[in-house]
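Take a look at the structure set out below.
Values in this text are rule-based calculations from the coordinates and carry no lab data. Computed from a predicted model, the values in this text were never measured in an experiment. Virtual Cβ from ideal backbone geometry, glycine too; neighbours counted across all protein chains shown.
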């Protein structure tokens, strides 16, 4: 049995199948971890959703910001953006089944045997793995309950920019969601810079990549993440970055996790959209 983590697919179904063939993936034996953003901007989001769902217990995926955007569009909270390619999902005969499956995906997934944790974007330095999982469950409860439309109405926005245990209501939920699905840069106190999207060195003064923040409390596990296509794929300070920008004509990446040293496999991807 092998365990592979795969970076942001974003509807690039053909590239995903090529990557799985390259690593000789066997759904009866192996397991896949997806970093989220299964959908949007690539050509085949519907096929990706159907495929990952069909893998059942052979795969786990955390939710990314584009997956949440699909939920918001489904419930009429957001109109399609210029780059969105989600209409085939929204008009599919099995849409409701797929959406119901998606809203029950986690925002964080941990394997205590491997001492690895999967998340779409990152964790704030104040959170250890246990606290992050507990906070993620607050968002997951909203996603899976009758509060979903209200959650989707209130999840957008950059404020507050930092975590405080005293936060309550939608401000609390929004900070947790932004950290898990949008974070790239923060300072040592956990203040997030959600505007900077370039590689390290392009952020505002005083901010660092989240995995370099001082006194980060999540070092007990290696964190597997995607989201950041301008960050080169690789290992960083007890973290592994996997978003190779497949959508933009980069590479789709898998990393084998159940071995002494992570083993990376990449395939080149055709350009689906221009950055």
Exercise. Could you calculate the FRET efficiency of residue 87 with residue 29 from 1/(1 + (r/R0)^6), where r is the beta carbon distance between them and R0 is 41 Å, rounded to 0.05?
Key: 0.70
Quiz item: Anyone know which of 229, 188, 168 comes out most mobile in the 10 Å Cα GNM of the chain?
Solution: 168
Quiz prompt | Label-point gap, in nm, between residue 131 and residue 273 - each point 7 angstrom along Cα→Cβ | solution = 3.5
Quiz prompt | Rounded to 5, the percent of DSSP beta bridges in region 3-268 classed as antiparallel | solution = 60
Self-check item: Distance in nm between pseudo-label sites at residue 197 and residue 168 (7 Å out along the Cβ direction from Cα)
Solution: 3.5
